[in-house]
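Report on the structure given below.
The values are calculated or read from the model by the stated rules, or taken from the named source; none is laboratory data. The structure displayed is predicted, hence computed values, not measured ones. Because the Cβ atoms are built from the backbone with ideal geometry, glycine has one as well, and the counts that use them run over all protein chains shown.
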Amino acid sequence: MPTPSSTHVVLIPSYNPGPKVYDTVRAARQQWSPVWVIVDGSDDGSAEGLQRMAAGDDGLQVFVLPQNSGKGAAVLHGLEQASRQGFTHVLCMDSDGQHPVEQIPLFMATSQQQPQAMVLGLPVFDASAPSLRVKGRKISNWWANLETLWMGIGDSLFGFRVYPVAPLQRIMQRQRWMRRFDFDPEAVVRLCWAGVPPLNLPSPVKYFQADEGGVSHFNYWRDNRLLTWMHIRLMFGFALRLPLLLYRRAVQPR
């Protein structure tokens with residue numbers, strides 16, 4: 001098993017993930033220590049199964065939230081725990097097996113070399129990726145880059161990322177949003193506004209079919225309405241911050 005880190009922790013928010021969660025957590029533990037799972041009010045028995053896994057593993061910790069509040073809320077709980085325990089960075093990844101656990105050491109090493117930055121996965125899709133999802137995310141990516149004056153967000157929705165704890169925790173505590181499907185894109189935009197630069201690393205993503213154990217909670221109409229409202233809010237914030245963003249662009253090294 002890897003040597004425990006005192007600065008970087010893997011954070012896995014999880015809600016009714018299906019059996020893939022056990023393989024995902026087991027594989028993550030092979031790559032990193034510590035690994036934390038935030039069970040976001042699951043009622044599929046996975047909380048109990050994960051707690052049994054953690055009972056025999058000092059590098060794995062499971063936090064169980066009493067009710068489902070959304071991915072962003074689960075991440076915020078993890079950030080608060082990380083801050084209390086002295087960790088400076090969290091690598092967030094999904095619990096359903098879509099994200100490449102073998103890249104955890106690379107993302108962590110990149111973050112350790114440039115701790116002021118956020119390290120964003122740039123998804124490399126294979127034939128399993130739904131065409132509608134692949135094409136639709138281009139819209140959100142365009143808006144996120146406009147809202148940050150093209151600071152370099154490679155993908156606004158892909159959740160395999162390393163975040164610096166302190167600035168993200170401050171941002172989330174100051175406003176009520178970023179608690180559900182809007183967490184990933186709003187986090188990168190607001191971190192860019194706060195002066196946290198993005199670094200992008202190519203990262204393969206796998207979509208599993210239902211007969212392969214794949215579970216998706218994505219709802220096309222509900223979640224796209226949420227993203228639309230999010231970008232409306234962010235555009236107002238962008239307008240207020242435009243002078244500062246233009247100044248940063250003018251003085252940044254070429």
For residues that are crowded, with 17+ Cβ neighbours inside 10 Å and either charged (D, E, K, R) or not in a strand (DSSP E or B) (or both), tally how many sit in the range 58-67. 1
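Being at positive phi and touching a residue at least 24 places away in the same chain (Cβ under 8 Å) narrows it down to one of Met178, Met172, Met118, so name that one. Explain how you work it out, then say what you get.
Numbers: Met172 fails: at positive phi; Met118 fails: at positive phi.
Only one candidate passes the filter, namely Met178.
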Of the residues in the range 52-81, those that are out of contact with any helix residue (DSSP H, G or I) (no Cβ under 8 Å at 6 or more places or on another chain) and aliphatic (A, V, I, L, M) come to Ala54, Ala55, Ala73, Ala74
Here are some residues: Thr24, Thr88, Thr7. Which one is among the β-branched types (Val, Ile, Thr), closer than 29 Å to Leu226 by Cα, touching a His at 6+ places or on another chain (Cβ under 9 Å) and touching a residue at least 24 places away in the same chain (Cβ under 8 Å)? Thr24
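Name the one entry in Val10, Val90, Val39, Val25 that is farther than 30 Å from Arg174 by Cβ and either touching a strand residue (DSSP E or B) at 6+ places or on another chain (Cβ under 8 Å) or at pLDDT 95 or above (or both).
Values: Val10 fails: farther than 30 Å from Arg174 by Cβ; Val90 fails: farther than 30 Å from Arg174 by Cβ; Val39 fails: farther than 30 Å from Arg174 by Cβ.
One residue alone meets the criteria, Val25.
Do we find a residue being in a loop (DSSP other than H, G, I, E, B) and at pLDDT 95 or above anywhere in the range 117-128?
yes
Restricting attention to the range 149-161, does a residue exist that is polar (S, T, N, Q), under 16 Å from Pro198 (Cα atoms) and not in a strand (DSSP E or B)? Break it down stepwise before answering.
If we filter the range 149-161 for residues that are polar (S, T, N, Q), which is where we start, we get 156.
Filter once more, keeping what is under 16 Å from Pro198 (Cα atoms): 156.
Still in the running and not in a strand (DSSP E or B): 156.
For the range 149-161, residues polar (S, T, N, Q), under 16 Å from Pro198 (Cα atoms) and not in a strand (DSSP E or B): present.
Which of the residues that make up the range 25-43 are part of a loop (DSSP other than H, G, I, E, B) and not acidic (Asp, Glu)? Even if it seems obvious, please write down each step before you answer.
Here is the first cut: in the range 25-43, the ones part of a loop (DSSP other than H, G, I, E, B) are 32-34, 41-43.
Within the range 25-43, Trp32, Ser33, Pro34, Gly41, Ser42 meet the criteria.
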